[in-house]
Amino acid sequence: MNKGKVSHEGTKARRDKEELSRIVVDCAYRMHVEIGPGLLESVYEAVLEKLLLEQGLKVTRQQPIPIEVMGLSINEGFRADLIVEDLLLIELKSVERLAPVHAKQVMTYLRLLDLPLGLLINFGAALFKDGCKRIVNGNQDFTSSSLRVNKNPGGRNDGQI
């Protein structure tokens with residue numbers, strides 16, 4: 001198991017967050033079609049990590065996310081499922097339906113790690129498009145993004161694009 005370790009095998013030239021998003025979504029979609037729902041999150045995490053490594057990406061799995069609260073520093077307050085190329089956070093779920101707290105969790109991780117973009121992917125959803133959410137940290141420029149999963153209707157800016 002590769003918990004907390006960084007894999008550099010076959011790392012290609014650094015890619016931007018949009019290209020990384022496309023690669024991750026493509027791999028996750030293939031997994032959703034071929035594997036389907038019903039497995040533990042840790043299985044989906046391990047498989048997605050392997051697929052991304054095969055794409056030549058640097059992947060960190062189960063990275064501790066330090067937090068400061070009430071004047072205390074806690075080195076392992078949270079753990080990020082996957083971080084790709086130090087730019088893109090991926091949080092995986094295997095539940096029937098995502099809850100609002102799941103998107104908030106990703107936003108918290110993005111803020112603590114100062115990352116621009118996260119993907120929340122639920123392998124328990126019947127349709128992949130219903131289980132894949134893109135979450136943006138702050139006022140990032142994503143107007144040219146070709147990846148538009150679950151656009152936010154009504155114009156609210158709650159971090160989801």
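Quick one: which of L39, L82 is of a type in the set (A, V, I, L, M) and in contact with a helix residue (DSSP H, G or I) (Cβ under 8 Å, 6 or more places away or on another chain)?
Numbers: L39 fails: in contact with a helix residue (DSSP H, G or I) (Cβ under 8 Å, 6 or more places away or on another chain).
After ruling out the rest, the residue left standing is L82.
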Specify which of the listed residues (V101, V33) is more than 27 Å from R15 (Cβ to Cβ), hydrophobic (A, V, I, L, M, F, W, C) and assigned to a helix (DSSP H, G or I).
-> V101
Got a number for residues in the range 80-100 being within 14 Å of M31 (Cβ to Cβ), small (G, A, S) and touching a Ser or Thr at 6+ places or on another chain (Cβ under 8 Å)?
-> 0
Pick from the range 52-73 the residues that are surrounded by fewer than 17 Cβ atoms within 10 Å (Cβ to Cβ) and at positive phi: which of them is modelled with the highest pLDDT?
-> G56
Checking E76, E49 in turn, the sole residue that is exposed (fewer than 15 other Cβ atoms within 10 Å of the Cβ) and either among the small types (G, A, S) or within 19 Å of V106 (Cα to Cα) (or both) turns out to be E76
Residue identified as more than 16 Å from the chain's Cα centre (by Cα) and outside any strand (DSSP E or B) among L39, L52 = L39
The range 103-129: number of residues that are surrounded by fewer than 17 Cβ atoms within 10 Å (Cβ to Cβ), within 21 Å of V47 (Cα to Cα) and touching a residue at least 24 places away in the same chain (Cβ under 8 Å) = 1
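Only one residue in I65, I83 is part of a strand (DSSP E or B) and over 12 Å from the mean Cα position of the chain (by Cα), so which one is that?
Testing whether each residue is part of a strand (DSSP E or B) and over 12 Å from the mean Cα position of the chain (by Cα) leaves just I65.
The values are calculated or read from the model by the stated rules, or taken from the named source; none is laboratory data. Just so it is clear, the model here is predicted, and its values are computed rather than measured. Note that each Cβ is placed from the backbone with ideal geometry, even for glycine, and that neighbours are counted across all protein chains shown.
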